[in-house]
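Asker: Okay, handing you the structure first.
The values are calculated or read from the model by the stated rules, or taken from the named source; none is laboratory data. Since the structure is predicted, the reported quantities are computational estimates derived from the model, not experimental observations. Here the Cβ positions follow ideal geometry from the backbone for every residue, glycine too, while neighbour counts run over all protein chains shown.
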Amino acid sequence: AERQLRTQANELLRQGKVTEAYEKFMALSKLAPDAPAITAIVHKLSLIRQQDEISKQQLALAKQKFDEGVALYNNKQYPESAKAFEESFHLNPSSDATVNYLKLAQAMDQLTRQQKMMMQGQPRPVIGGPVGQVVPAGGSVRAIGGTPAQFTTVFNSPVNDGYIMVKVGGEVVAHENLYDEKGRGIFRRKTPRLVNVMKTITPKNADVEVWVVISSLGIQEHRAFRQNILPASNHRLNVSFDPQSRRFDYKLN
């Protein structure tokens with residue numbers, strides 16, 4: 001019986017089945033408590049099992065932190081989401097999704113900070129002053145530019161996950177989830193959404209950049225187009241996606 005047990009234990013060890021091998025060697029140690037070789041193997045297998053358990057707990061915590069980061073990111077809480085992604089990365093550095101989301105969160109955090117600074121430093125109208133002029137924070141007079149343009153982003157989402165972000169010359173004109181959440185509690189569910197947003201922007205000759213991230217499909221799409229945005233012009237970007245071919249199509253006028 002001892003010989004058969006030893007053969008089974010060694011075979012399980014050779015196959016890398018640590019838990020099953022540990023149980024067999026524990027049974028062997030009871031039959032031969034004074035065998036130093038068996039005692040040493042039991043000790044090593046015990047340490048490996050402990051390390052495996054720690055690794056599983058670490059990966060579970062990394063997944064929890066990643067999910068927290070995604071939720072915060074979707075709520076546009078970029079500093080908090082970046083922190084959660086950093087914690088997830090330290091727990092599981094091999095996750096490409098965590099690395100990509102961390103970069104996006106850091107980039108969006110920086111962008112929103114810059115936009116706030118620009119808004120704080122924007123010119124303020126002078127009540128009763130000359131028509132068509134504004135007085136900047138510094139006090140000097142600057143003429144108002146051309147008539148603003150309109151930029152519309154349309155994406156009829158076929159999926160219930162992810163988001164689209166569009167920038168024109170660094171100015172965010174769309175940053176929308178591709179889904180709606182309906183219901184409450186256990187009945188809460190996500191459904192595909194028609195994104196249709198318009199923003200007034202400053203006329204410029206600039207790159208139109210599009211990002212579409214659908215984490216459930218492992219998609220991180222990025223495209224750029226050169227466009228001359230003239231004063232008082234109207235532009236429309238239509239984005240479509242085929243989940244079967246995983247292909248994106250773009251129409252910009």
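Asker: I need a count of the residues in the range 150-178 that are in a strand (DSSP E or B) and crowded, with 20+ Cβ neighbours inside 10 Å.
Answerer: Selection size over the range 150-178: 10.
Asker: If you don't mind, there's one more thing I want to ask. Among the numbered conditions (1) touching a residue at least 24 places away in the same chain (Cβ under 8 Å); (2) assigned to a strand (DSSP E or B), tell me where residue 222 comes up short.
Answerer: With (1) touching a residue at least 24 places away in the same chain (Cβ under 8 Å); (2) assigned to a strand (DSSP E or B) applied to residue 222, the lone miss is (1).
Asker: Run down 91, 59 and say which single residue is surrounded by 14 or more Cβ atoms within 10 Å (Cβ to Cβ), farther than 20 Å from residue 219 by Cα and out of contact with any Lys or Arg (no Cβ under 9 Å at 6 or more places or on another chain).
Answerer: When all the criteria are applied, what remains is 59.
Asker: Output the residues belonging to the range 231-247 that are at pLDDT 90 or above, loosely packed, with under 14 Cβ neighbours inside 10 Å and farther than 14 Å from residue 173 by Cβ.
Answerer: Answer for the range 231-247, where residues must be at pLDDT 90 or above, loosely packed, with under 14 Cβ neighbours inside 10 Å and farther than 14 Å from residue 173 by Cβ: 242, 243, 244, 245, 246, 247.
Asker: Now for a different question. May I ask you to list the residues in the range 32-43 that are surrounded by 14 or more Cβ atoms within 10 Å (Cβ to Cβ) and either in a helix (DSSP H, G or I) or not assigned by the TED database to the domain that holds residue 18 (or both)?
Answerer: 38, 39, 41, 42
Asker: Considering the range 7-25 alone, what residues qualify as being out of contact with any helix residue (DSSP H, G or I) (no Cβ under 6 Å at 6 or more places or on another chain) and surrounded by 11 or more Cβ atoms within 10 Å (Cβ to Cβ)?
Answerer: If the condition is that a residue be out of contact with any helix residue (DSSP H, G or I) (no Cβ under 6 Å at 6 or more places or on another chain) and surrounded by 11 or more Cβ atoms within 10 Å (Cβ to Cβ), then 7, 10, 11, 17, 19, 23 are the ones that fit.
Asker: Right, here's the next one. Can you give me the number of residues within the range 193-230 that are surrounded by 14 or more Cβ atoms within 10 Å (Cβ to Cβ), under 16 Å from residue 242 (Cα atoms) and out of contact with any strand residue (DSSP E or B) (no Cβ under 6 Å at 6 or more places or on another chain)?
Answerer: Of the residues in that region, 3 qualify.
Asker: A further question follows. Filter the range 65-112 for residues that are outside any helix (DSSP H, G or I) and of a type in the set (Ser, Thr, Tyr); which is nearest to the chain's Cα centre (by Cα)?
Answerer: This residue is 95.
Asker: Scan the range 152-177 residue by residue and report those that are hydroxyl-bearing (Ser, Thr, Tyr) and touching a Lys or Arg at 6+ places or on another chain (Cβ under 6 Å).
Answerer: Selection gives 152, 157.
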